[in-house]
Amino acid sequence: MHHVILGAGPAGVIAADNLRKHDANANITIIGDEDEPPYSRMAIPYLLAGQIGEEGTYLRQDKGHYKNHGIDVKRVRAGAVDPKNKSITLEDGSDVAYDRLLLATGASAIRPPVEGLDLPGVHNCWTMADARAILERADKGDDVVLMGAGFIGSIILEALVKRGVKLVVVEMEDRMVPRMMDETAGAMLKRWCEDKGVRVLTGTQIKGIAESRDGLDVALSSGKSLPARLVVVAAGVASNIGFLKGSGIDTDAGVKVDGFLRTSAPDVYAAGDVAQARDMSTGEFSVLAIQPVAADHGRIAALNMAGHETPHKGSLNMNVLATIGLVTSSFGAWEGVKGGTSARMCDDNAYRYLRLEFDGDRLAGAQAVGLTDHIGIARGLIQTKLRLGRWKDILMTSPERLAEAYVATSQGIAPV
């Protein structure tokens, strides 16, 4: 049996390790398109902040891990997949045959149609090569413009602040992290960043970037411009599915999979940022490009590839950020569900906010600012769909009693 994994990120590496655990005699090959040991993109900001070296980003710290586990790692890009003949054509001209294939090719950073993004000093923050380029231009006191204040952008923001740069964040939406937080929370996070010396321009677009005598000139939709030695682009990501054109494998925003992470092609599975799998909060199939989901996908896909039929019951949309000391989080259907109810608590001056979204007497979604003790509880209630009964009515007026409600409900204790 030859298991081939396209993609050397968390989903691919976790799948390979689980395949070896459950299929001791199989041949296992990981094919990645970067000339690096398999690493975690989510560790790159820690590299930029100086908290770890490059080896700290590696998914397996033991240098002999892959060899010792009989996992062959190839560094070459896949050009095409032929499910009928069970083969992969690589861009070096070679072919690889497989018995079972896992598509774990992840996502790539989006490059918006803005003039000047190809200039020296303009970089995404997605690969190790990007990180090395950013480190050359992000020294203390340097003018840096960050394009995008979404989840990834806000992680990069934290790293750049730790480097001591003069940072301006430009976000086209009306608030920070708009796909994670509502207007109240996003505005609170913006004010926190500004209080810490970061200039944040929301409702603003970068219209173009040009070279100047001192570096770069960043033109804004407001008609003003910003000087920069470095521009970091964090405008979102898109699943890597282009190489599947002509393969017959069904794709949409990502690779379509069923409840066992199987694609439309026999013996081909998908996992991680490339997989359009079940979202447990909505019941719909969507791409959730976060590392916990990738890890879960990798494990489940490997079990199914090894012949241990294991359903994927759905992943939880969850995001937790720590931004210059302020922790923000959102889980599940944080914007609410049709016919649902909502409870909110806000202390703007103390940077404290809690929003709970209910579907009947079940917690369907939550978001929080500055409240870390609610993170695990909110996640557990959403995942287990525990009925809160009369505690739901109490939470509608006192959402800060969420921990009390969780403990009492899980033990069958009614409110008094």
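When you check R379 against the structure, is it in contact with a helix residue (DSSP H, G or I) (Cβ under 9 Å, 6 or more places away or on another chain) and buried (at least 16 other Cβ atoms within 10 Å of the Cβ), yes or no? Judged against the criteria, R379 is not a match. Anything in region 390-416 that is within 15 Å of L356 (Cα to Cα) and not in a helix (DSSP H, G or I)? List them, or say none. Once the filter is applied, which keeps residues that are within 15 Å of L356 (Cα to Cα) and not in a helix (DSSP H, G or I), region 390-416 yields only S398. Take the conditions in the same structural domain as T127 (by TED's automatic domain parsing), closer than 30 Å to G12 by Cβ, among the hydrophobic types (A, V, I, L, M, F, W, C) and in contact with a strand residue (DSSP E or B) (Cβ under 6 Å, 6 or more places away or on another chain) and apply them to L167. Does it pass? The answer is no for L167.
Among residues of region 87-108 that are without any contact (Cβ under 8 Å) to a residue 40 or more places away in the chain, those with a Cβ under 6 angstrom from a residue that is among the polar types (S, T, N, Q) and surrounded by fewer than 24 Cβ atoms within 10 Å (Cβ to Cβ), sequence gap 6+ or separate chain, pair up as D95/S87; D95/T89.
Within region 121-144, the set of residues being without any contact (Cβ under 8 Å) to a residue 12 or more places away in the chain and either among the basic types (K, R) or surrounded by 19 or more Cβ atoms within 10 Å (Cβ to Cβ) (or both) comprises R132, A133.
Put simply, of G314, G307 the only residue that is of a type in the set (G, A, S) and closer than 29 Å to R344 by Cβ is G314. For D347, the conditions (1) buried (at least 16 other Cβ atoms within 10 Å of the Cβ); (2) modelled with pLDDT of 95 or more; (3) over 16 Å from G150 (Cβ atoms) are fulfilled apart from (1). Annotation: D130 fulfils all but one of (1) modelled with pLDDT of 95 or more; (2) outside the structural domain of G215 (by TED's automatic domain parsing); (3) under 30 Å from G298 (Cα atoms); the unmet one is (2). Among the residues in region 297-318, are any in the same structural domain as T89 (by TED's automatic domain parsing) and hydroxyl-bearing (S, T, Y)? No: region 297-318 contains no residue that is in the same structural domain as T89 (by TED's automatic domain parsing) and hydroxyl-bearing (S, T, Y). Across region 55-72, the number of residues qualifying as buried (at least 17 other Cβ atoms within 10 Å of the Cβ) and free of Cβ contacts under 8 Å to residues at least 24 places away in the same chain comes to 2. Tallying residues that are closer than 16 Å to A234 by Cβ and either in a helix (DSSP H, G or I) or out of contact with any His (no Cβ under 9 Å at 6 or more places or on another chain) (or both) within region 136-150 yields 8.
Looking at region 294-304, can you tell me whether even one residue there is under 28 Å from R175 (Cα atoms) and either part of a loop (DSSP other than H, G, I, E, B) or under 16 Å from the mean Cα position of the chain (by Cα) (or both)? Scanning region 294-304 turns up at least one residue that is under 28 Å from R175 (Cα atoms) and either part of a loop (DSSP other than H, G, I, E, B) or under 16 Å from the mean Cα position of the chain (by Cα) (or both). Within region 308-363, the set of residues being touching an Asp or Glu at 6+ places or on another chain (Cβ under 7 Å), in a strand (DSSP E or B) and without any contact (Cβ under 8 Å) to a residue 40 or more places away in the chain comprises S315, S342. Scanning region 275-294 for residues that are buried (at least 18 other Cβ atoms within 10 Å of the Cβ) and in contact with a Pro (Cβ under 8 Å, 6 or more places away or on another chain) returns a single hit, A294. Of all residues in region 333-342, those being more than 26 Å from the chain's Cα centre (by Cα) and closer than 26 Å to C193 by Cα number 0.
Taking the criterion of being in a helix (DSSP H, G or I) and buried (at least 23 other Cβ atoms within 10 Å of the Cβ), the only residue of region 165-185 that qualifies is A185.
The values are calculated or read from the model by the stated rules, or taken from the named source; none is laboratory data. Keep in mind that what you see is a predicted model, and the values were worked out from it rather than measured. Glycine also receives a Cβ, built like all others from the backbone with ideal geometry; neighbour counts cover every protein chain displayed.
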